[in-house]
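*Asks:* Below: one structure in structure tokens.
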Amino acid sequence: MAKKNKIYTAIDNTWGTPYFLKPIKLGFDMSIVSATKYYSGHSDVMGGSLAISKRVFKLVEATNKVSGLRLGPDDAYLILRGIRTLDVRLEKHQENALKVSKFLSKQKKIIKVFYPYKKGSQNYKLWKKYYSGASGLLGFKIKSKNKNSVLKFVNSLKLFGYGFSWGGFESLALYQTHQALGKRQFTHINKDEHIIRMHIGLEDPKDIIDDIKQALKFIK
Ligand SMILES: *Cc1c(COP(=O)(O)O)cnc(C)c1O
């Protein structure tokens, strides 16, 4: 539809990375990836990449020349070093995240898991059609009238760090506030429902699951 109407299209491919999704081949004009995440893989550098179709090459090149925004050589070095192991890391993130998502979906207090790699999950069919794999970022919904007990759950996780910038080797967990989700809610959440975002890292999946298990006990 966009092509018919001469509209340029862009996609944020940070979650899948080009290892699991090829947006230009699918017909997108621009594919943006935060190199801060899986490219670097160690949460120690900030950067981004833009892949483009031939259709927009001249426009993007002209903007790139006048903008003057350039990546520092040290940052470029760290990102290039990380990219060398992108494939092996992503395979492991995927393997671990699938195990964790299967565990999460069996828990009574968790009413929904957002991870497309899991059969029967929301968007499984769309994911299967376009992606060749899934990364380590997932979400889930907890039902509890006691918000503090859900916060206690997140804060009792010992293996998980606290952070927004996922994509590194370590696992991260965040309580997504209702305000942060705002009008961009991808799912309806009631007052007694809570969304947790987890980035599943490269640790031993048994350790990750054991950690979640001990913390889940705090949810009332
Ligand atoms: C983190 C993130 C960004 C922004 O990346 P930075 O490199 O931290 O600026 C963009 N898109 C998605 C999907 C992200 O997760």
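*Asks:* May I ask you to list pairs of residues, at least six apart or on different chains, whose Cβ atoms are under 6 Å apart, with the first in region 188-204 being over 16 Å from Gly167 (Cα atoms) and assigned by TED's automatic domain parsing to the domain that holds Lys152 and the second being buried (at least 18 other Cβ atoms within 10 Å of the Cβ) and hydrophobic (A, V, I, L, M, F, W, C)?
*Replies:* From residues that are over 16 Å from Gly167 (Cα atoms) and assigned by TED's automatic domain parsing to the domain that holds Lys152, the pairs are His194/Ile142; His194/Val150; Ile196/Phe140.
*Asks:* Do you know which residues across region 12-24 are within 14 Å of the chain's Cα centre (by Cα) and free of Cβ contacts under 8 Å to residues at least 40 places away in the same chain?
*Replies:* The answer is Asp12, Asn13, Pro18.
*Asks:* Could I ask something else about it? Mind checking whether some residue in region 32-51 is free of Cβ contacts under 8 Å to residues at least 60 places away in the same chain, in a helix (DSSP H, G or I) and loosely packed, with under 12 Cβ neighbours inside 10 Å?
*Replies:* no
*Asks:* Scan region 130-144 and give yes if some residue there is at negative phi, open to solvent by 20 Å² or more (accessible area, probe 1.4 Å) and without any contact (Cβ under 8 Å) to a residue 24 or more places away in the chain, otherwise no.
*Replies:* No: region 130-144 contains no residue that is at negative phi, open to solvent by 20 Å² or more (accessible area, probe 1.4 Å) and without any contact (Cβ under 8 Å) to a residue 24 or more places away in the chain.
*Asks:* Being more than 18 Å from Leu137 (Cβ to Cβ), outside the structural domain of Ile200 (by TED's automatic domain parsing), open to solvent by less than 30 Å² (accessible area, probe 1.4 Å) and more than 16 Å from the ligand (Cβ to nearest atom) narrows it down to one of Val66, Val56, Val60, so name that one.
*Replies:* Within the list Val66, Val56, Val60, the selection yields Val56.
*Asks:* Only residues that are surrounded by fewer than 18 Cβ atoms within 10 Å (Cβ to Cβ) and under 10 Å from Leu202 (Cα atoms): list them for region 95-112, please.
*Replies:* The answer is Glu95, and nothing else.
*Asks:* May I pose another question? If you scan region 1-53, which residues turn out to be within 14 Å of the ligand (Cβ to nearest atom) and of a type in the set (D, E, K, R)?
*Replies:* Passing the criteria: Asp12, Lys37, Asp44.
*Asks:* Here is a follow-up. Being more than 22 Å from the chain's Cα centre (by Cα) and over 29 Å from Ile142 (Cα atoms) narrows it down to one residue among Gly27, Gly48; which is it?
*Replies:* After applying the criteria, what remains is Gly27.
*Asks:* Restricting the search to region 194-211, which residues are within 18 Å of the chain's Cα centre (by Cα) and part of a helix (DSSP H, G or I)?
*Replies:* Pro205, Ile208
*Asks:* Give region 84-102 a look and list any residue that's touching a residue at least 40 places away in the same chain (Cβ under 8 Å) and more than 15 Å from the chain's Cα centre (by Cα), or say none.
*Replies:* Thr85, Asp87, Lys99
The values are calculated or read from the model by the stated rules, or taken from the named source; none is laboratory data. Model, not experiment: these values are computed from the prediction. Cβ sites come from the backbone with ideal geometry, for glycine too, and all protein chains shown count toward neighbours. These area figures cover heavy atoms from the full protein model, side chains too; ligands, DNA and RNA do not enter into them. Shrake-Rupley method; radii C 1.70, N 1.55, O 1.52, S 1.80 Å.
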